[in-house]
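Please treat every number below as a calculation from the coordinates, not as lab data. Because the structure is a prediction, the values reported are computed rather than measured. Cβ: placed from backbone, ideal geometry, glycine included. Neighbour counts: every protein chain shown.
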Amino acid sequence: MSDKIKTGSKGENLAAEFLIQKGFEVVQRNYRFKHAEIDLIVKRDNWLIFVEVKTRSSNSFGEPESFVDVAKERKIFEAAEEYIFSKDWRGHIRFDIVSVKLGTIPEIVHFEDAIN
């Protein structure tokens, strides 16, 4: 497993644990549709939240959340639309980003409604 994949996997695990502690239920991890992937799909009350996790070992190249570009957003929307229809979801939806900076003490920031 490459270092990039290990870093991403560690970040997704930390993000999932963080969201669970905040009262969310993880309903799907690494949901794939065509060439798109949604890192985490979580649920709380009548909300289904599609979460993009961005992990960096340092912020030398910028904040992790700044790496979600328009092309990535389009892919997330496409995959989310398929998921919503496949589950016949009738509640609210939202798109969040969880930024994870690894270090001695990982820094995790949850940006709600970050992708429009």
**OP:** Per DSSP H run of at least 4 residues, take -39500 (n - 2.57); add these up for the chain, divide by its residues and hand me the 222 nm value, nearest 500 deg cm²/dmol.
**Re:** -11000 deg cm²/dmol
Original post:
What number of lysine-lysine pairs in the stretch 4-111 show an alpha-carbon separation below 12 angstrom, given a sequence spacing of 8 or more or placement on distinct chains?
Top reply: 7
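Hey, got the dipole for the chain? About the Cα centre, +1 on K and R Cβ, -1 on D and E Cβ, debye to the nearest 20?
Using Cβ point charges on Lys, Arg, Asp and Glu, the chain gives about 280 debye.
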Original post:
Applying 1/(1 + (r/R0)^6) with R0 = 25 Å to the Cβ-Cβ distance of Asn13 and Lys87, what FRET efficiency is obtained, to the nearest 0.05?
Top reply: 0.55
**OP:** Determine the relative contact order of the chain: mean sequence separation of Cα pairs under 8 Å and six or more apart, normalised by residue count, in whole percent.
**Re:** 26 percent
**OP:** Can you tell me the 0 to 90 degree angle between the C-alpha axis of helix 3-21 and the longest principal axis of the chain, rounded to 10?
**Re:** 60 degrees
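Where does each of Ile49, Ile84 land when they are ranked from fewest to most other beta-carbon atoms within 10 angstrom?
Listed from fewest to most nearby Cβ atoms, that is Ile84, Ile49.
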